[in-house]
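Down below is the structure, laid out as C-alpha cells.
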Amino acid sequence: MGRLAGKVAYVLGAAGRGNMGQVIARRFAEEGATVAVGGRHAEELEWLAGELGGMAVTCDITKMEDIKSSVGAIMDAHGKLDIAVNATAWVCCPVRGNHRDELNLMMDLQFKGPYQWMQVLVGVMSDPLQSSRSPLRRRRFWWVITTLISAPRPA
C-alpha cells in the first residue's frame with residue numbers, strides 16, 4: 001500500500017499527453033490514490049483514467065459550472081475528495097505581440113479560473129461531513145498554488 005491509499009485525488013489539467021497534470025496523476029495512482037483526471041479533452045482523459053483505473057471528468061477551469069459539476073461527479077462517485085491539484089496552463093504569445101483577447105484569456109485561465117476552483121474546493125474540502133476521519137471534526141488542508149508562465153528563453 002502506498003502513502004495515498006484510501007485517498008481520492010482530482011488532478012485538473014491532465015488532458016495533454018505527457019503534461020505535468022498527467023505526471024502528477026500517475027504518481028498519485030502509484031502511491032495508491034483513487035485518481036480523477038480533468039480537463040477539456042474527453043478522449044485523452046478517458047484514455048488516462050482507463051490506464052490509471054480512475055475516472056475522467058471534463059472541466060474548463062474558466063467555467064464555474066464545469067468546476068462545480070466535475071467536483072460533484074467525483075463526490076457522487078467517491079463520497080469525498082482529499083487532494084486537488086490545478087495543473088492547468090496555457091502557452092501565450094510574447095508580451096510585445098499580446099492582444100487584449102489573449103490577455104483576457106490568460107487572466108481567465110491563470111487567475112479567475114484558479115480562484116473559482118478554490119472557491120468550490122474550499123466548500124467541499126473543509127466540509128466536516130465529507131471527512132474520511134470523523135464527521136464531527138473539521139479537516140485540515142493545505143493549498144499549493146502554482147501559476148505556470150511561459151516565456152521565451154533569454155538570448
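Students often check this: by mean Cβ neighbours within 10 Å, which of 117-124, 99-106, 50-57, 19-26 ranks highest, and how do the rest follow?
19-26, 50-57, 117-124, 99-106
Classify region 8-130 from the C-alpha gyration tensor, please: rounded if a/c falls under 1.5, else prolate or oblate depending on whether a/b exceeds b/c.
Numbers: a/c = 2.29, a/b = 1.44, b/c = 1.59.
Oblate shape, in that a/c is at least 1.5 and b/c is the bigger or equal ratio.
Give, as a single signed number, the net charge of other residues whose beta carbon lies under 11 Å from the beta carbon of T62, with Lys and Arg counted +1 and Asp and Glu -1.
Here the charged neighbours net out to -1.
Only the coordinates and a few stated rules stand behind these numbers; no lab work does. Quick caveat: nothing in here was measured; it's all calculated off a predicted structure. Positions of Cβ are generated from backbone atoms using ideal geometry, with glycine treated the same way; all protein chains shown enter the neighbour counts.
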